[in-house]
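Take a look at the structure below.
The values are calculated or read from the model by the stated rules, or taken from the named source; none is laboratory data. A quick note: this is a predicted structure, and the numbers were derived from the prediction, not measured. Here Cβ is always computed from backbone atoms with ideal geometry, including for glycine, and neighbour counts include all displayed protein chains. To get the accessible areas, we keep the full protein, side chains included, count just its heavy atoms, and leave off ligands, DNA and RNA. Shrake-Rupley method; radii C 1.70, N 1.55, O 1.52, S 1.80 Å.
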Amino acid sequence: MKIAFVGKGGSGKTTLSSLFIRHLAANEAPVIAVDADINQHLGVALGLDEAQAAALPAMGAQLPLIKDYLRGSNPRIASSETMIKTTPPGEGSRLLRLGEDNPVFDTCARTVRLDDGEVRLMATGPFTESDLGVACYHSKVGAVELCLNHLVDGPDEYVVVDMTAGSDSFASGMFTRFDMTFLVAEPTRKGVSVYRQYKEYARDFGVALKVVGNKVQGQDDLDFLRAEVGDDLLVGIGQSDWVRTMEKGRPAPFELLEADNRMALQALQNTAENSYEQRDWERYTRQMVHFHLKNAESWGNEKTGADLAAQVDPSFVLAEHLAEANAAQPA
């Protein structure tokens, strides 16, 4: 299952994604956590200190390795240099599976041990002063999109992505890469403004979207959110003493998280699992190709000097049964 957490800056998006990751790990689910926010805070929210979080390898800096590995023996891709963030897999491409070891995970992922389990954490890398004027943040997030395009995941596996704040993810097709998108919203007019943007953009792409109300203090807050987002409201999460101590660098055992908040996290997991029934690999592949052709025409062909439309394998559909065939391909 591929899960995104989105929301405006300051909504608590990173905190809630880290709680959900901890919850999944406590339930013994295999998890890859990805920090794709321009502000890289997920590692610290998962218990790393600042130095450990800063030492995480940046996926954006490993694009040549990622492209070279995923290209595999795909005859439609002349070289890894002609791959862009939307390049879809085809016959001969290498695919990624959550439980495996491969050069991409070996280089970009680090194991984070939690109270009740462990997860693998990946990060795009921060946007630095040296990037100003020569790069945009989407070039870093492109490494995540490319990996999601080549990922074959099952119903009991989780990739949880902490997305950049606001509606920036609509600058590419990455918003269509998820089985479920949880939008974190405070019970304020500003808090639900990003929801309206997401709902409008996602309408034509079948994106499954649920709102998680955060910093909810009572029934009036829930009533406000329900009036603004209707049935898209999944659950409300209140103030948490456990989170407060965690943010002070003194986290208590996760089992001591408030019962109401643990129940809310279980509701998120149940919703994510139920969305698996709606998974449509053909639509997923079709949308992948749609955004690739769009990017090829608007900037990709000119940048690479290649006809990127020729990278599309018209007979290829990403699907779970391909994971076994991929496992047999040499690394």
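Numbers at a glance
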{"item": "Zone residues, the stretch 183-211, relative to LYS294, backbone N less than 17 Å from point 7 Å out along Cα-to-Cβ", "result": "197-208"}
{"item": "ARG244-ASP101 FRET efficiency (beta carbon distance; Förster radius 35 Å; 0.05 resolution)", "result": "0.40"}
{"item": "Antiparallel DSSP beta bridges within the chain, percent to nearest 5", "result": "15 percent"}
{"item": "Cα-centre dipole for the chain with unit charges at Cβ (Lys and Arg positive, Asp and Glu negative), debye to 20", "result": "620 debye"}
{"item": "Net lengthening on full extension, TYR201/ALA267 (0.36 nm per residue, minus Cα-Cα)", "result": "21.2 nm"}
{"item": "FRET E, pair GLU320, THR111, Förster distance 25 Å, beta-carbon r, rounded to 0.05", "result": "0.50"}
{"item": "Taking the chain and dividing mean pair separation by its residue count, relative contact order in percent (alpha carbons under 8 Å, at least six apart)", "result": "26 percent"}
{"item": "Entries of LYS2/LYS190; LYS67/LYS294; LYS13/LYS294; LYS8/LYS248; LYS13/LYS248 with Cα pairs more than 25 Å apart", "result": "LYS2/LYS190; LYS13/LYS294"}
{"item": "Table column - 3J(HN,Hα) (Hz), the stretch 205-210, Karplus curve with 6.51, -1.76, 1.60, x for Gly and Pro", "result": "10, x, 6, 7, 10, 10"}
{"item": "Cβ-defined net charge surrounding ASN74, 10 Å radius [Lys, Arg +1; Asp, Glu -1]", "result": "+1"}
{"item": "Span from the the stretch 199-243 Cα centroid across to the the stretch 270-326 one, whole angstrom", "result": "30 Å"}
{"item": "Label point 7 Å beyond Cα of ASP223 along Cβ direction - residues of the stretch 171-214 with amide nitrogen under 16 Å", "result": "187-188"}
{"item": "The stretch 163-228: relative contact order in percent, alpha carbon pairs under 8 Å with at least 6 residues between", "result": "38 percent"}
{"item": "Three-way shape call for the stretch 1-53 based on the alpha-carbon gyration tensor, with the a/c threshold at 1.5", "result": "oblate"}
{"item": "Fraction of accessible area attributable to carbon and sulfur, the chain (%, probe 1.4 Å)", "result": "48 percent"}
{"item": "Solvent-accessible area per residue for the stretch 186-331 (1.4 angstrom probe, square angstrom)", "result": "59 Å²"}
